[in-house]
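Q: Pasting a structure here, questions to come.
The values are calculated or read from the model by the stated rules, or taken from the named source; none is laboratory data. It should be emphasised that the depicted structure is a prediction, and the values quoted were computed from it without experimental measurement. Here the Cβ positions follow ideal geometry from the backbone for every residue, glycine too, while neighbour counts run over all protein chains shown.
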Amino acid sequence: MNWKSLPLGLIGIILAVGGGIAYSLRPDLLWPVTVSELLGLSCLMIFFALHFESVKAFSGRRSTKMGLQSVLTVLLLSAILGIVNFLASRHSVRWDLSENQNFTLAPQTYRVLRSLPHDVKITVFTREKDPGYQTFKERLESYRQASPKLAVEFIDPEKQPKIAQDYGIFRTDTAIFESNGQTIRVTSPSEVELTGALLRISKDGKKRLVFVEGHSERSLEDQERNGLSIVKGALTKQGYEVDTVSLLHETAVPNDVTVLVLAGPRRSVTKEEQDRIRDYVEKGGHLLVLADPDTQTGLEPLLAHWGLSLGPGVLVDLQDRLAAGDLTALLVRTFTEHEITQDLTSPVLFPLSQHITFDEQLGKDWDYVPLARTSANSWAETNMQGRVVSLNEKEDVKGPLPMAVALAPKNTPEEGSPRPAIVVIGNSAFATNAYFNFPGNSDFFLHTAGWLAEERDLISIAPKEPALRPFTPNPTQERVLLYTQVIFLPLMTFLTGMMVWRKRRRL
């Protein structure tokens with residue numbers, strides 16, 4: 001044994017033990033403790049390597065097997081294993097092997113976690129036998145590893161009823177978010193709910209999305225198929241304040257409105273209301289218009305002010321549509337490169353839509369971007385009498401045609417001045433309760449709301465529930481599946497069987 005290197009082993013032991021004691025007293029000093037443990041591990045491993053042969057020789061002797069050298073060897077190996085276990089538990093690498101990447105956080109969630117202004121305490125009241133326990137535990141562990149500002153604690157309300165009573169907990173699987181004097185309660189372990197709670201609790205004020213009423217628009221309180229109650233719930237979970245306004249009774253759009261929404265008006269919007277909307281946009285407001293075909297909205301003068309107009313007829317697409325649906329039930333898959341559409345991966349279902357045109361002369365001060373288009377095998381049908389099967393080039397408008405567009409001013413406003421923005425979509429039914437949960441529809445609407453509100457963190461987080469997303473084929477894909485599954489595969493099976501039968505007969 002080379003006793004000159006003995007201090008190296010002693011230093012390793014001191015660093016290892018000292019780091020463990022320091023962590024037990026001050027858990028917040030994780031990085032200094034980690035450095036101490038790494039240095040201690042290095043010293044012990046070097047010491048062990050230098051004396052490996054000596055340790056092996058001494059421990060092989062009968063006289064020393066039960067002696068001091070064996071004890072030192074056991075202690076040395078135990079110290080190394082303990083340090084490795086400590087480092088692995090504090091700086092572990094996790095792999096998400098679930099089928100739908102259920103515990104891999106969305107990029108939007110990482111942006112929210114990186115930008116948290118205050119520490120957030122999350123208290124989850126659940127029991128191990130509850131259905132949400134494991135999901136809360138796995139998902140919140142991913143959140144905690146992504147941000148040092150999160151503190152997560154799990155409490156069994158049956159074992160600690162006093163704490164549950166203090167928080168007013170009457171059901172399990174409930175998470176309480178606390179930060180900067182605010183408290184938010186979440187009853188679902190989904191990423192949308194958890195990140196939405198972080199957004200709401202980390203912001204001093206909420207941005208308002210206000211829906212115009214008074215023209216038979218779709219109602220936020222209507223829970224039937226044609227209502228927007230699901231949209232209201234989704235926007236609220238994303239951290240917005242959702243409200244309504246009647247410009248027939250207001251002299252101007254309220255100053256605290258972040259996004260003004262016209263959701264499928266079915267009666268004409270008066271000139272006075274349009275003037276108020278125009279003034280709101282010119283002052284830096286953000287406008288979202290959802291307009292259905294064959295409705296008298298009276299919005300032509302307002303849209304023409306920005307070079308926009310609603311095209312005639314109803315869009316028909318023989319390629320991008322629901323295979324088993326009507327020719328006007330469009331399944332849009334063609335998107336333009338834009339902040340709204342950059343993360344869209346699923347098609348958007350637009351039932352009964354109209355296209356939108358842009359006049360570059362009238363809208364010369366605006367950057368025009370068509371967000372979604374029909375395919376080349378489409379047109380705007382101006383005569384819906386009878387079944388539509390072909391394009392009439394004399395009356396109809398040949399595609400591809402844009403059905404959703406975004407406008408932003410070409411000139412950057414002065415620093416500190418709000419920047420106006422407009423999005424017009426030639427359909428409002430896609431956001432109703434009947435279609436909002438269709439793959440792609442909710443993403444498209446929430447992306448649009450996030451872009452208009454100038455809050456990129458609020459852009460939709462795609463849900464990652466274990467449910468399987470259905471494959472929705474277009475007509476061409478449906479025919480391929482039909483020929484393959486119903487004709488080709490059975491025929492190949494039959495022919496193969498005949499060949500085997502003939503071969504066996506010849507034996």
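Q: Residues 231, 261: which one is surrounded by 23 or more Cβ atoms within 10 Å (Cβ to Cβ), at pLDDT below 95 and farther than 11 Å from residue 207 by Cβ?
A: The unique qualifying residue is 231.
Q: Moving on to the next point. Taking into account only those residues within segment 339-362 that are surrounded by 19 or more Cβ atoms within 10 Å (Cβ to Cβ) and not in a strand (DSSP E or B), which is modelled with the lowest pLDDT?
A: The selected residue is 344.
Q: Looking at segment 301-320, is at least one residue buried (at least 18 other Cβ atoms within 10 Å of the Cβ), within 28 Å of the chain's Cα centre (by Cα) and either free of Cβ contacts under 8 Å to residues at least 12 places away in the same chain or over 30 Å from residue 254 (Cβ atoms) (or both)?
A: yes
Q: Looking only at segment 133-168, count how many residues are under 30 Å from residue 106 (Cβ atoms) and either in a helix (DSSP H, G or I) or under 23 Å from the mean Cα position of the chain (by Cα) (or both).
A: Matching residues across segment 133-168 total 20.
Q: Given 314, 289, 281, which one is among the aliphatic types (A, V, I, L, M), at pLDDT 90 or above and more than 22 Å from residue 421 (Cβ to Cβ)?
A: Unique residue meeting the criteria: 314.
Residues are listed down the side, and each one gets a yes or a no for (1) more than 19 Å from residue 408 (Cα to Cα); (2) touching a Gly at 6+ places or on another chain (Cβ under 9 Å):
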| residue | (1), (2) |
| --- | --- |
| 231 | yes, no |
| 243 | yes, no |
| 251 | yes, no |
| 269 | yes, yes |
| 279 | no, yes |
| 282 | no, no |
| 286 | no, no |
| 312 | yes, no |
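Q: Does segment 394-409 contain at least one residue that is of a type outside the set (Ser, Thr, Tyr), at positive phi and not in a strand (DSSP E or B)?
A: The answer is no; no qualifying residue exists.
Q: Filter segment 271-304 for residues that are touching a Lys or Arg at 6+ places or on another chain (Cβ under 7 Å) and more than 22 Å from residue 354 (Cβ to Cβ) and give the result.
A: Answer for segment 271-304, where residues must be touching a Lys or Arg at 6+ places or on another chain (Cβ under 7 Å) and more than 22 Å from residue 354 (Cβ to Cβ): just 284.
Q: Kindly indicate the residue of segment 184-220 that is among the polar types (S, T, N, Q) and part of a loop (DSSP other than H, G, I, E, B) and also nearest to residue 259 (Cα to Cα) among those meeting that condition.
A: Once the filter is applied, the top-ranked residue is 219.
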